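What follows is a set of notes on a single structure, which appears directly below.
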Amino acid sequence: MPIRKARRDEWYKVRNFCTNTFLWGDYIEQVWDSWTESGSLLAYEHDKEILGICNVVIYGTESWIEGIRVKPAARRRHIGISLLYAAEQTATQKGATHGRSGIESSNMASLQMYNTAKYRTEQVWHMYTCDAQPHNIQTLVYAAPKHTWPPRYVDSWMWLIPHHNMESGNILHLQDGPTFVLAESKRFKNTLMVTIHNNVQCNNNNNTIQYISDLAYRNNQTIQIFSTTKLNHTLLHKHDSTISIVVKKFP
Ligand SMILES: CC(C)(COP(=O)(O)OP(=O)(O)OC[C@H]1O[C@@H](n2cnc3c(N)ncnc32)[C@H](O)[C@@H]1OP(=O)(O)O)[C@@H](O)C(=O)NCCC(=O)NCCS
C-alpha cells in the first residue's frame, strides 16, 4: 500500500499542490505541523514522491475526513479515493462508525468522488465572513437552553456535536434571536467561528450579527459564520458557494 503517515519535514514535498488549490488559496500550510505531529495525516507516495494527502480526525464514534489534495498531474488515477478509503479504514480501526466531510458545492470533482465512495449529503450550510466592528448592543445575551442547541457546530471546519462542558457560555442567544455557537478556532489563529442555528422564526438576527461583530472586534479576531439558512446583513460577505456536509456509515 503506497499510503503512509506524512512527516512534519515533508511540507516541501507537497507545497506545490497544497498552496493555491482554490481561488481563495489553501489552509494546509497552517495545519501541517499539527496534523503531522498528531499522526493523523496520510500521504500517498509513489517513487519517493508524495502525490496526495488526506487527514482524518477521530472523536468517539465519529470521524472527520478532510484536506484531501492530489497533485494535479496525478489526478484521475484513483489516488484521492484511495486516500479516502485509507482514512475510513484508520477511523474504523479506532472505533468510528461514521465519516463526515465538508465540500464546497462548486467542487464537482470532490462531490463526485465522495458520491462514488457512497457518501450522502446530510446538510448544506451557507458560509459568510463578517466585518469586525465596535457596536453598542442594547439587548441582553443569554446562555441558550439545551433544547435550543444546534445538532452540530463548526470548530476549525469540523462539524462537532455540542458537548456538556460547553454550557458555560459558548452557546448563546440574544432576546428573540437565533441560537449561535462561538468557537475560537484551535487551528486558525485569531479566528472566531460562529454557527447560527435558525430553527425558529427569529426577528433579531441584526443584533446577533452586531454582537458577533463587536465581540470579534474586541478580541482582534476575524469571523467566519455558518448558517443553515441564508442570512442578510450589511456586515456579512457571502462566500461564493455553500458547503455540503456529507456522511457515510461505515460497514
Ligand atoms: C478532488 C480530488 C481530491 C480527487 O482526486 P483524484 O485522485 O483525481 O480522484 P480519483 O481518481 O480518486 O477519483 C475517484 C472518482 O471520483 C470522481 N472524480 C474525481 N475527479 C473527478 C472529476 N474531475 N470530474 C468528475 N468526477 C471526478 C470519479 O467518479 C472518479 O472515479 P473514476 O475516475 O473511476 O470515474 C482532486 O481533484 C483534488 O485534489 N482537487 C483539489 C483539492 C480538493 O478539491 N480537495 C477536496 C476538498 S473537499
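The values are calculated or read from the model by the stated rules, or taken from the named source; none is laboratory data. Remember, it's a predicted structure, so these values are computed and weren't measured experimentally. A quick note on method: Cβ atoms are made from the backbone with ideal geometry, for glycine too, and the neighbour counts reach across all protein chains shown. These area figures cover heavy atoms from the full protein model, side chains too; ligands, DNA and RNA do not enter into them. Shrake-Rupley method; radii C 1.70, N 1.55, O 1.52, S 1.80 Å.
Quick notes
- Set SER110, SER105: member being in contact (Cβ under 8 Å) with a residue 40 or more places away in the chain, open to solvent by less than 30 Å² (accessible area, probe 1.4 Å) and either small (Gly, Ala, Ser) or within 7 Å of the ligand (Cβ to nearest atom) (or both): SER110
- Within segment 72-86, the set of residues being buried (at least 16 other Cβ atoms within 10 Å of the Cβ), near the ligand (Cβ under 8 Å from one of its atoms) and touching a residue at least 40 places away in the same chain (Cβ under 8 Å) comprises SER82, LEU83.
- Of all residues in segment 113-133, those satisfying the criterion of being over 16 Å from the mean Cα position of the chain (by Cα) and more than 10 Å from the ligand (Cβ to nearest atom) are LYS118, TYR119, ARG120, CYS130, ASP131, ALA132, GLN133.
- Restricting segment 29-49 to residues that are buried (at least 21 other Cβ atoms within 10 Å of the Cβ) and within 13 Å of the ligand (Cβ to nearest atom), the residue that is farthest from LYS249 (Cα to Cα) is TYR44.
- Residue within segment 198-218 that is open to solvent by less than 90 Å² (accessible area, probe 1.4 Å) and of a type in the set (D, E, K, R) present: yes
- Meets criteria (among the β-branched types (Val, Ile, Thr) and surrounded by fewer than 17 Cβ atoms within 10 Å (Cβ to Cβ)) for ILE161: yes
- Restricting segment 92-102 to residues that are small (Gly, Ala, Ser) and on the phi < 0 side of the Ramachandran plot, the residue that is farthest from the ligand (Cβ to nearest atom): ALA96
- Per the listing ILE81, ILE103, the residue uniquely closer than 20 Å to HIS197 by Cα, outside the structural domain of ILE225 (by TED's automatic domain parsing) and of a type outside the set (S, T, N, Q) is ILE103.
- Screening GLN89 on (1) within 8 Å of the ligand (Cβ to nearest atom); (2) without any contact (Cβ under 8 Å) to a residue 12 or more places away in the chain; (3) not small (Gly, Ala, Ser) shows it passes everything except condition (1).
- Of all residue pairs spaced 6 or more apart or on separate chains, those with beta-carbon atoms under 9 Å, a first member in segment 38-53 that is hydroxyl-bearing (Ser, Thr, Tyr) and a second member that is part of a loop (DSSP other than H, G, I, E, B) are TYR44/PRO2.
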